[in-house]
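Only one structure is covered here, and it is reproduced in the block below.
The values are calculated or read from the model by the stated rules, or taken from the named source; none is laboratory data. Quantities reported herein were computed from a predicted structural model and do not represent experimental measurements. Positions of Cβ are backbone-derived with ideal geometry, glycine not excepted, and every protein chain shown enters the neighbour counts.
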Amino acid sequence: MLNISTNKENEQLVMELEGRLDTTTAPQLEEAINTSLEGITSLVFDFEKLEYISSAGLRVMLSAQKMMNDKGTMKVIHVNDVIREIFEITAFNEILTIE
């Protein structure tokens, strides 16, 4: 299960993810991103409550990064040790801005 909370302020969108980002829930996030980026120049993913990310979730993150490369910036904050390790193993830490 994945809960997505969004907070839009001016041209910044913060998406707080809670639960698991996997094959089942990745389409939910992809749709939320695609319907929310109008006028956004700064996209922030808050992973404080995200427990797990699978390859399907990584694909959604890569797609979001590609979209934001044309529009502005994207970063991921509050990454736990488990997800940070997944980012390092897959070299996503070199693709994404992680704070």
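The table for this structure:
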{"quantity": "Checking GLY57 against (1) exposed (fewer than 15 other Cβ atoms within 10 Å of the Cβ); (2) under 22 Å from ARG84 (Cβ atoms); (3) small (Gly, Ala, Ser), the condition it does not meet", "calculated": "(1)"}
{"quantity": "Residue count for segment 72-87, restricted to those that are of a type outside the set (A, V, I, L, M), surrounded by 15 or more Cβ atoms within 10 Å (Cβ to Cβ) and in a helix (DSSP H, G or I)", "calculated": "2"}
{"quantity": "Among (1) surrounded by fewer than 19 Cβ atoms within 10 Å (Cβ to Cβ); (2) modelled with pLDDT of 95 or more; (3) in contact with a helix residue (DSSP H, G or I) (Cβ under 9 Å, 6 or more places away or on another chain) - the single one ILE95 does not satisfy", "calculated": "(2)"}
{"quantity": "Residue among LEU58, LEU62, LEU50, LEU17 that is under 20 Å from MET1 (Cα atoms), in a helix (DSSP H, G or I) and modelled with pLDDT of 95 or more", "calculated": "LEU58"}
{"quantity": "Residue within segment 32-48 that is under 14 Å from ILE98 (Cβ atoms), surrounded by 17 or more Cβ atoms within 10 Å (Cβ to Cβ) and in contact with a helix residue (DSSP H, G or I) (Cβ under 7 Å, 6 or more places away or on another chain) present", "calculated": "yes"}
